[in-house]
Each structure stands twice: as C-alpha cells, then as structure tokens.
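Notes follow once the structure below has been shown.
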Amino acid sequence: LAEEEGDAEAAASEEESWLLKTDDQGFTNLALIFLVTSLVIFGVTALCSLVLALRHDGADDSRPHSSVIYYYILMFMATVSALCYYSMYSEVAVVHKEEGGAPRTLFPAQYIEWAVTSPLLLLALALLGNAPWTSIFASIGCDLIMVACLYVGAFISPEHKFFWWGVGVALLLVLIFILIAELSKAVDDGRVKEQDGVTLRILTYLTCFSLAFFPLVWLIGQEGSASASLTTEVALSSVADVLAKVAFTVTLVVRLPLDGDSYGGKLSSVTAGSGKFESTYV
C-alpha cells in the first residue's frame with residue numbers, strides 16, 4: 001500500500017512538473033494551455049456568430065436595428081480575440097525586457113485586442129440602448145485612451161507606469177459612469193422596451209466587470225508590480241476575458257429573438273435625428 005501511494009505521489013509530482021515546465025520563451029505549459037483554450041473558444045464563438053448572421057433573414061425582426069448587426073459585431077469581436085490569443089500562443093507577439101534587474105514578459109497583442117474588442121462591446125450596448133452619438137463617442141473615446149495609457153505605462157514609460165495606470169483607471173471610472181447613466185436613461189426614459197432593458201442591464205454589468213478587471217490584472221502582472229507570476233497573469237486575464245465575452249455573446253444571442261417579439265410590429269423606416277437612433281413602426 002505504501003508503495004502504491006508513493007507511485008501515485010510520484011505520478012502527481014511528474015504531472016505537476018510538466019504543467020510548470022517552461023520553454024525557451026519562459027512560458028509554462030499551463031500558460032500555453034490557457035492561451036490555446038482561449039483561442040479555440042473564441043474561434044468557435046466567431047464561427048457560430050458568423051453562421052447566425054448568414055442565416056438571419058430578418059423575417060421576424062421588428063427591433064430598431066436588425067439583429068444581424070449584433071451577430072456581425074460578435075463575430076468581429078471573437079475573431080480579433082482568437083487572432084490575438086494565437087499570436088500570444090505562438091509567441092510571435094511577445095516582448096521580453098528587464099526592469100529593475102528582473103525579466104518581464106509583455107504582450108503587445110493584448111492591447112490590440114482591448115483596443116478593438118471593447119469598442120465593439122460598447123457599440124453593441126449603444127445600439128441596443130438606442131444611445132445618442134455623443135455618448136457613443138464619449139464612451140469609446142474613454143476606452144481607447146485608457147488602453148493607450150496602459151500601453152504607454154507598460155512599454156514606453158515604465159519609470160512612470162503607475163502615473164499612466166492611474167490616468168487609465170480615472171478614465172475607466174468615467175466610462176463606467178457613462179455606461180450606468182446611459183443604462184438608466186434607456187430604461188427609465190423608455191428608449192427601449194422592457195425586455196430589451198433587462199438584456200441591456202445584464203450586458204452593461206458584464207461589460208463593466210470586463211473593463212474593470214484588466215487594469216487590476218495589469219497592476220499585479222508583468223506590466224505593473226509583477227507580484228503575480230506570468231502563468232498566474234495569463235490564467236487570470238484569459239479566463240476573465242473568455243467568461244465575460246462568451247457570457248456577453250450567449251446573453252445577446254439567446255435574448256435577441258425573445259426581446260424582438262416585444263416590439264410587436266414590423267420596422268417600416270429608420271431615421272436619425274436629434275443625435276439619436278429613432279425608429280418608426282407600423
């Protein structure tokens with residue numbers, strides 16, 4: 001019995017050592033597993049979103065904006081995420097640098113993903129909530145400048161990294177305020193039907209979580225204090241990214257057909273006026 005327990009412990013130790021074994025770029029096998037899993041999930045999500053967009057005929061679509069635009073937004077978002085995770089998994093978009101005598105591993109592709117996919121999420125929210133163009137411009141602007149600040153802190157001005165992080169967090173707070181304010185206006189002012197209001201509330205909270213999580217990972221990860229290992233940073237960022245975006249996609253795909261029925265009429269025309277999307281029904 002003791003011999004069997006020793007063999008089991010040896011096998012467990014060997015498995016653990018394989019997961020933590022590093023390659024010549026400093027990546028553990030566990031980190032690579034997280035990256036390739038994210039790549040596969042986003043690839044499948046992109047393919048499913050494309051199929052939904054191509055199969056959508058609009059016959060029963062009575063909302064202000066055809067549901068097909070949401071499917072294409074989800075497809076573009078998942079495609080960009082999959083490509084960025086592939087670049088990280090293949091280790092072609094990885095920067096190694098020393099800071100304070102300690103080696104650090106950074107991912108430029110991660111900032112490309114944030115700069116492209118988060119505005120797509122915000123655009124989907126704006127269309128669903130019938131938001132004015134001023135709010136769309138303000139929210140996407142805050143998001144892009146926040147990502148730029150984190151990039152500058154990580155790659156261009158590491159000696160002032162926490163200043164750039166602080167500016168980015170300040171812009172994040174402004175962005176979250178805009179999202180919550182637009183959610184309140186959309187629901188309370190009757191810009192959307194009740195069913196779409198519920199969907200908008202769920203998606204807004206998911207987006208706020210997604211946006212707020214990554215500056216926290218940045219702070220403890222390789223770009224910031226480096227208090228977390230590279231494997232831990234990869235695990236946290238990839239799992240949070242997948243959960244937030246897949247939950248956003250599933251919620252939107254499942255609820256769009258249900259919420260569209262609440263409009264109770266066919267879309268006859270779509271006009272723009274007063275800085276908002278306005279629709280007429282018959």
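The values are calculated or read from the model by the stated rules, or taken from the named source; none is laboratory data. Not measured: the values here are computed from a predicted model. Neighbour counts are summed over all protein chains in view; Cβ atoms, including those assigned to glycine, are modelled from backbone coordinates with ideal geometry. Side chains included, ligands, DNA and RNA excluded: accessible areas come from the protein's heavy atoms. Shrake-Rupley method; radii C 1.70, N 1.55, O 1.52, S 1.80 Å.
Along its first, second and third principal axes, ordered by size, the range 108-192 spans 48, 22, 15 Å in Cα coordinates. Evaluated at q = 0.13, 0.29, 0.30 Å⁻¹, the base-10 log of the normalised Debye intensity for the range 165-215, with identical point scatterers placed on the Cα atoms, takes the values -0.34, -1.05, -1.09. In order along the range 32-44, the Karplus-derived 3J(HN,Hα) couplings, from 6.51 cos²θ - 1.76 cosθ + 1.60 at θ = phi - 60°, round to 5, 5, 4, 5, 6, 5, 5, 4, 5, 4, 5, x, 5 Hz, and Gly and Pro are given as x.
Surface composition of the range 114-183: carbon plus sulfur atoms contribute 85% of the solvent-accessible area (1.4 Å probe, protein chains only, all chains present). Karplus-derived 3J(HN,Hα) values for the range 231-245, using 6.51 cos²θ - 1.76 cosθ + 1.60 with θ = phi - 60°, are 5, 5, 5, 4, 4, 5, 5, 5, 5, 5, 5, 5, 4, 5, 6 Hz; glycine and proline are entered as x. Under 12 Å from the Cβ of Leu179, count the other residues' Cβ atoms, weight Lys and Arg +1, Asp and Glu -1, and hand me the total. Net local charge, Leu179 excluded: 0. In plain terms, the chain from Asp188 to Tyr205 could stretch by 4.4 nm, reckoned as 0.36 nm per residue minus the Cα-Cα distance.
Rolling a 1.4 Å probe over the protein heavy atoms leaves Glu113 with an accessible area of roughly 0 Å². Subtracting the Cα-Cα distance of His160 and Lys21 from their residue separation scaled by 0.36 nm leaves 46.7 nm.
Rounded to the nearest Hz, the phi-derived 3J(HN,Hα) couplings of the range 148-160 under the Karplus curve 6.51 cos²θ - 1.76 cosθ + 1.60 (θ = phi - 60°) are 4, 5, 5, 5, 4, x, 7, 10, 9, 10, x, 5, 10, where x marks glycine and proline. Computed over protein heavy atoms with a 1.4 angstrom probe, the accessible surface ordering of Ser229, Ser157, largest first, is Ser229, Ser157. The alpha carbon gyration tensor of the range 47-204 gives principal lengths a ≥ b ≥ c with a/c of 1.5 or higher and a/b no greater than b/c, which makes the shape oblate.
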